[in-house]
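Everything below concerns the one structure shown next.
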Amino acid sequence: MLLAPVDILPRYQSGKRSRMSFAQRSERIVERTFTPSRTELAAALRAGEIRIDLQPQLNLGSGRVVGVEALARWTHPELGPVPPLTFIPVAEQHGLGEAVAATVLEQALACVAQLDALGAQTLGVAVNVSARSLGDDGRVRRVREALARSGVAPSRLTLEVTEDALRGDPAGLQEVLSRLKSLGVRLSLDDFGSGYSSLGRLQTLPLDELKIDRVFVEQMRRCRDTGVIAAIAALGRHLGMTVLAEGPESSAELELLAGLGCHLAQGYAISAPLPPGQFYDWLGQQLARPPTVRARPAACAAQQPARPDESAELGLRLHHALDQTMTDAGAIGVVCHATTARLARELGADFAAWWRTGSERELDSSLRCVTAWSAQPGVTAELTRASRAMTFAAGVGLPGRALEQREPVWVADVEAEPGLPRAGVLRAAGMRSALAIPIRTRDRAVGVLEFFGAQLREPDRRGMTALSSIGVRLAHFLARRDAIAASDGYRTTFDALHAVFAALAVTAPDQLPAQLCQHAARLARADVVGLWLPGEAPGELRLAASHGGLDPRLRTNALDEHSAVATAHASQERLFFGDLAAHPLPSRRLAQVFRARSALLQPVVGDGVASAVISIAWSTPRERVEEPLLTAIGLLADYARPLLR
């Protein structure tokens, strides 16, 4: 993208959203219906229809406007405003990108004289430079010539390079940025966080500014998640760069960004992009009044980047560690263990465990330990065994409290915590303090990361915020991985299901119950499968066929209405038990009946009546039943219903 477009958003006045203007609605209509040709865009350049709007940049420490960004705009004589997202790509595609860039640069530099006339001699102007134009041999020369023609001091010009440019040739990028920097201009990395910047490359490039992508400010607004912004601000200050946050829409967000360590802000909370004439009027009014935005004590002046505080550094290290495990790890089990280990080392923990719940479609949502890590495995061996053998419901134990509260939980002294499970083994392993971080989306918590240590330090408020954001990132990462796995799993499972349907279609009626159990066992890779049909007494169910090691007494003894199978039949709802040994009756009776540790009960339902139940059991506990398999078992039950009449 040649020039960074600004989203077409409504203006904000006094903290309240006003209605979208006709021009703004028109831009959205044009964006959907109009794709300009090269001829039309070239004609627009010749006719001077490509103009700029100006959007101010505010110093959060002083409350003063310290800069302005020039944004390309095209007003079509018949269609009205054409969004940058519509015409900029066309310019790039048809070789007109440099012409548009030159037009924007000339107009932006011409604005500096008017800024000086208003008494704003220190204000700079920023323009975007596309990744493609950085490879143009004439780029540096054209910037130098434009500065000479305008008479503007190079230090008042900022060139914003999008993060996508960092994916190119490292040596070539280093050279062209160094040559631009030698002119005396400032260099800014735009949309930081939206791509994949290498921290090593950031240290070597001659950058003056990081612009935090607006998506993180939107995330802060929606989810109150400030960890990523705090981490980027800490990184920028650590590298001696000014940090600018894009997209704030209220004074409260400006205050929050200041408290997180951002130096500058640009967004509708300050002003929408305005045509130059309107912007000069607005700026004149701002210069005539005292500043209205004051930073919190944690914020630092833009010209004097401060060393990041300990909590911000911790957040940065944690997010970097998470990036590494998400990039390097393969299977989900490897991700869990690698992430647990990396985060534990960063926190200085001696022992860590990852607890996960069942899915939303599973009856059992208790927390189970899926992996554990220890700095001294010999010392914590018993703690590891105890953790793997336990389950926690919401509100019970440290993991259960974090799951219920959906916020990190800190325990300064585990010995002083009343009723804390595993207290004995924790004491024996020398664990003193503990920290639990929920792994959560906006709607639900899906797990908990638990850390113990002899000398764990209590995080402050900003540290807790960083830890909370780690949990949110993990939850979304797991959701993406589950979606990818489900896509592959559906293909494999449904190929197998198609073969089952084909086999059952040619099965003799008297052999159908036994064949149904056999095929269901293969499909689910289960140890024991049973088909239960209603008995003579109300609520009674009898075993019609089975595959695997079901209790032989079930052939003659029916299950009564208090059994879990009868519950699934009566409720017409699928039931899942991840660990039968960890649950009260009737699931323990189910464990004895099936001689298994986990089970799925699938009712066969038609016309509002359950005609049978398919029980599928495994000899080991299961954390969950995958969505493809749940869907396939449900379809198998639907297919079998008319055949079982």
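What to note about this one:
- Rounded accessible area of residue 384 (nearest 10 Å², 1.4 Å probe): 30 Å²
- Label point distance in nm, residue 609-residue 175, each placed 7 Å from Cα along Cα→Cβ: 8.2 nm
- Taking a Cβ cut-off of under 12 Å around residue 382, the surrounding Lys, Arg, Asp and Glu residues balance to a net charge of +4, with basic ones at +1 and acidic ones at -1.
- Pairwise FRET efficiency - residue 251 versus residue 45, Cβ, R0 = 45 Å, nearest 0.05: 0.70
- Förster-model FRET efficiency, 60 Å R0, residue 94 and residue 507, C-beta, rounded to 0.05: 0.40
- Shape class of the range 366-447 from the Cα gyration tensor (axes a ≥ b ≥ c, square roots of the eigenvalues): prolate, since a/c reaches 1.5 or more and a/b is larger than b/c.
- Förster radius 51 Å - calculated FRET efficiency between residue 132 and residue 376, Cβ distance, rounded to 0.05: 0.40
- The GluC sites (Glu not before Pro) of the range 65-95 meeting both criteria, a DSSP state outside H, G, I, E and B (loop) and at most 16 other C-beta atoms within 10 angstrom of the site's C-beta, are 78.
- For residue 410, solvent-accessible area (1.4 Å; no DNA, RNA or ligand), Å²: 50 Å²
- Residue 458-residue 491 pseudo-label distance in nm [points 7 Å out on the Cα-to-Cβ vector]: 5.3 nm
- Protection proxy ranking, highest mean first, for peptides 566-577, 109-120: 566-577, 109-120, where packing is the per-residue count of other beta-carbon atoms within 10 Å, averaged.
- Protein heavy-atom accessible surface, 1.4 Å probe, per residue over the range 31-109: 40 Å².
- Surface calculation, 1.4 Å probe, protein heavy atoms: residue 441 sits at approximately 30 Å² accessible.
- 202, 635, reordered so the largest accessible area comes first (probe 1.4 Å): 635, 202
- Amide N proximity, the range 597-616 versus residue 570 label position 7 Å along Cα-to-Cβ, cut-off under 18 Å: 601-605, 609-614
The values are calculated or read from the model by the stated rules, or taken from the named source; none is laboratory data. Every value quoted in this text rests on a predicted model; they were computed, and no experiment measured them. Quick reminder, even Gly has a Cβ in these numbers, built from the backbone with ideal geometry, and neighbours come from all protein chains shown. Protein only, heavy atoms only, side chains kept; ligands, DNA and RNA dropped before computing areas. Shrake-Rupley method; radii C 1.70, N 1.55, O 1.52, S 1.80 Å.
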